[in-house]
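A single structure is presented below for examination.
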Amino acid sequence: ENAADCSRNWDLELLSKFTERKSYFIDTLIDIKEIPEEKHFCGTAIYRKRINISDTTNVILNLGNVVGVSELFVNGDSVGTKWYGERIWDISPFVKKGENNLEIRVTTTMGNYLKSLTDNKVAMYWVNRKGREQAYEPQGILGPITLTGLTTRKQFLATDFGLVGDSITLNTRMLQRA
């Protein structure tokens with residue numbers, strides 16, 4: 001297997017019904033709530049990056065830890081949407097040799113935004129009720145994001161059925177048992 005860490009150098013665009021569209025360049029993946037002016041963000045975070053692919057056979061993209069509903073686009077084509085579980089995709093049918101465009105859209109929950117509505121008693125009931133105060137929730141892609149060229153389709157099926165644990169780097173001993 002040949003895994004590459006793709007967690008660095010992303011363009012991040014934040015779209016929200018409640019605020020202006022904002023753009024950031026992030027040198028490494030970060031929890032959106034850790035960006036001081038985005039602590040209360042609610043909406044869709046769009047991550048964009050260009051990657052070079054030399055071998056288009058069995059190319060697997062693993063987004064790692066994602067908090068929110070994620071939709072993946074490769075070269076403008078929707079690969080799929082996942083709202084729970086591991087965010088692992090076989091992107092082989094969507095990539096071409098050379099430069100490829102990745103776009104990942106992550107839609108967040110409203111919890112952190114509701115915490116900003118301090119004058120709204122209903123919102124405060126759900127997020128700041130005395131004795132049941134809620135911490136700010138993580139948002140976005142926490143990663144790490146890896147791109148892997150697997151040697152067989154059997155290895156991908158093993159990852160798809162959860163035979164790979166929390167580790168982002170594929171464990172070949174586990175895959176050999178599959």
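Testing Gly143 on (1) at pLDDT 90 or above; (2) surrounded by fewer than 20 Cβ atoms within 10 Å (Cβ to Cβ); (3) small (Gly, Ala, Ser), one condition comes back false. Which one is that?
Here Gly143 clears every test but (2).
Restricting to the range 96-140, count the residues that are over 23 Å from the mean Cα position of the chain (by Cα), crowded, with 19+ Cβ neighbours inside 10 Å and not in a loop (DSSP other than H, G, I, E, B).
1
Moving on. Can you tell me how many residues in the range 63-78 are over 19 Å from Leu29 (Cβ atoms) and outside any loop (DSSP other than H, G, I, E, B)?
2
Now, a different point. For the range 79-95, give me each residue that is part of a strand (DSSP E or B) and either open to solvent by 50 Å² or more (accessible area, probe 1.4 Å) or among the aliphatic types (A, V, I, L, M) (or both).
Matches in the range 79-95: Val79, Thr81, Ile88.
To continue, here is another question. So, of the residues in the range 40-71 that are hydroxyl-bearing (Ser, Thr, Tyr) and under 15 Å from the mean Cα position of the chain (by Cα), which turns out to be most open to solvent (accessible area, probe 1.4 Å)?
By that ranking, first place goes to Thr44.
Another question, if that's okay. How many residues does the range 1-39 hold that are open to solvent by 70 Å² or more (accessible area, probe 1.4 Å) and either touching a residue at least 40 places away in the same chain (Cβ under 8 Å) or over 14 Å from the mean Cα position of the chain (by Cα) (or both)?
Adding up the residues that qualify gives 16.
The values are calculated or read from the model by the stated rules, or taken from the named source; none is laboratory data. What you see is a predicted model; the values in this text were computed from it and never measured. Note: ideal-geometry Cβ built from the backbone for every residue, glycine included; neighbour counts use all protein chains shown. Note: areas computed on protein heavy atoms with side chains; ligands, DNA, RNA excluded. Shrake-Rupley method; radii C 1.70, N 1.55, O 1.52, S 1.80 Å.
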